[in-house]
1. Report residue C:78's accessible area, 1.4 Å probe, all protein chains in place, as a number in Å² to the nearest 10.
2. Determine the relative contact order of segment A:3-160: mean sequence separation of Cα pairs under 8 Å and six or more apart, normalised by residue count, in whole percent.
3. To the nearest 100 Å², how much accessible surface do chains C and B cover up together, summed over both, with a 1.4 Å probe?
4. Distance cut-off 24 Å, Cα to Cα: go down the list A:137/B:137; A:73/A:137; A:73/B:161 and report the pairs above it.
5. Obtain the nm distance between the two label points defined at residue C:162 and residue B:50 by a simple spin-label model: each point lies 7 Å from its Cα along the Cα-to-C-beta direction.
6. Nearest 5 percent is fine: what portion of the DSSP beta bridges confined to the protein assembly as shown is antiparallel?
7. Using helices alone, I'd like the mean residue ellipticity at 222 nm for chain B: each DSSP H run of four-plus residues gives -39500 (n - 2.57), total over residue count, nearest 500.
8. Among A:100-112, B:4-16, B:134-146, what's the highest-first ranking by average C-beta atoms within 10 angstrom per residue?
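The values are calculated or read from the model by the stated rules, or taken from the named source; none is laboratory data. Since we're looking at a predicted model, the values are computed, not measured. Cβ coordinates were reconstructed from backbone atoms using ideal geometry, including for glycine residues, and neighbour counts include every protein chain displayed. Surface accessibility is based on the protein's heavy atoms, side chains included, excluding ligands, DNA and RNA. Shrake-Rupley method; radii C 1.70, N 1.55, O 1.52, S 1.80 Å.
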Amino acid sequence: MTDTETLLIALAARVQLLEDQLDLMRIISAYGPAVDSGESAAVAGMWTEDGVYDVDTGSLRGHVEIEAMVLSKPHQSYIQAGSGHLIGPPHIEIDGDIAVATCHSQLVLHEPETGTYRVARITANRWEFARVDGQWKVTLRTSRLLDGRAEAREILAAGVKN
Amino acid sequence: MTDTETLLIALAARVQLLEDQLDLMRIISAYGPAVDSGESAAVAGMWTEDGVYDVDTGSLRGHVEIEAMVLSKPHQSYIQAGSGHLIGPPHIEIDGDIAVATCHSQLVLHEPETGTYRVARITANRWEFARVDGQWKVTLRTSRLLDGRAEAREILAAGVKN
Amino acid sequence: MTDTETLLIALAARVQLLEDQLDLMRIISAYGPAVDSGESAAVAGMWTEDGVYDVDTGSLRGHVEIEAMVLSKPHQSYIQAGSGHLIGPPHIEIDGDIAVATCHSQLVLHEPETGTYRVARITANRWEFARVDGQWKVTLRTSRLLDGRAEAREILAAGVKN
C-alpha cells in the first residue's frame, strides 16, 4: 500500500468510531420520545429480538414483553396524564462490536388535578449494546432507582471507573 | 478518478454528516443558556429571519417577535428569579439540507419566597432546520406541553417512528 | 504534495475536531455518574492536577480537595439517600488546545422519609478545558446557582453570545 492509502484506512477507522458514538447517542435519544408517545414498536425495536430490560420491578425479555410494558395500563395512564422520561447525556464506551452507555434518567409526571409537575423518580441506567447486522441494538438495559440502594450507585460507578 | 480519490470523496461525505449532527447539537444546546441569561439576540439568531417558534400559547414569527418574547415581562421575571430551560438530548434526522430534531424540555423555576425549585413544565419539541448559506438555522420549532394533550405525544411520535 | 494528500490532511483536521467535541462530551457525561456513585478518583481525575472547581460555597483546588468534597459528609449523605446530578447537553467551543463548555445542571434528591424526589437546585456551569499530554482535562469549572443571582446568568451568556 502507498502511504496515502495507509493514512486513508486509518482515517476511515476514526470516522467509523465517531459514527458509532453518534449512532448510539441517536438510539438512546429516541427512547424518551418513543416511550412518552406510546410508540411501543419504536421502543421495543431498540432492543435485539431477545434483548432484556431489567428494571427494579422485574425483567422484561424480548420485543413482546417490552411492547406490553408500553401498552400496559400504568404506563398508558402516565402518558395520558402527561409524562417526560428525560435522559441525561450518555457516557459511552465502545469496544469493537459491543458498547456500554451509562446515564441518569428522570421521570417527570403531570398531575392533572393540580396542573403541577413532579419528579417521580431518578434512575441509574446501564445500556449494553451489540452491533447486529451492522446496526446497534440494546442487548441489556439495567435500571435501578436512585433512592439510596447500592445497586444504583454500582451501575453508575461501573460506567466511569478506570 | 483513482480508487483513492473515490474513497476520499466517500469519506468526506461521512465526515460532513458527522459535522452536521454535531453542529445541530451545538445549536440546540445553546438555547437554554441563551434564554436563561436573556441573550435575546443569541436566541433569535438560532432561527432564520422569518423562522417560527410555535408554542402552546401562540406563534412567534421572525427575530423581532422571538426577541420580544425573551425581553417580555413574564420571561424576564423568570430569569430574574432564577430559571432553567433544560433540554433532553435531541434525536436528530438529517436529509441533505434539512433536518429535524426531537426532544423533551423541562422548565425549572426558583421560588424566591421559599428558596425552593419546582418543575414548572415539561414540553415536547420538534425543531425543523434548513441549511442556509452553509449554516443550520431553525425554520420552525413546535413546542407542546406534556400535560396529556395528544398534540404533544404526536410531536414525540413523529420524531421516532419509522 | 499531491492534491490527494492535501485533501487527506484537511479531512484529518476535520476528524480531529469531531473527536475533540465527542471527547469533551464523553468527559462531561462522566461527571454525574461519578459524583453520584462516590467515585472520588474518577471525579477528581477529570481535572488537571491543580485544576479548580469554583462553586458558590467556595473554591476547590486540585485532586485532593475535589476528592475530599466527594468524600465529605454532606455529599455522602446525598448519595446514601439517593441523588442525581443531571447535566444538560453541553454547548462546546474549541480553540486548538483549549475549550469551553457551557451547560445547566440539576440536582435531584431523594427524600427517604416521604419516598419523594425534589429538585434541590439548578446551576449554571462553565467548564474550561486544556489539552494536556493529548488528553482533555478541566482547568476550571465555575458553577453558580440559578437562584436569580447575576453571576449565574453571566456564565450562561458568556458561553453563547457572539
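1. 70 Å²
2. 19 percent
3. 2900 Å²
4. Details: A:137/B:137 32 Å; A:73/A:137 27 Å; A:73/B:161 22 Å.
Distance filter (> 24 Å) returns A:137/B:137; A:73/A:137.
5. 2.1 nm
6. Around 90 percent of the beta bridges assigned by DSSP in the protein assembly as shown are antiparallel ones.
7. One gets -13500 deg cm²/dmol as the mean residue ellipticity at 222 nm.
8. Ranked by mean Cβ neighbours within 10 Å, highest first: A:100-112, B:134-146, B:4-16.
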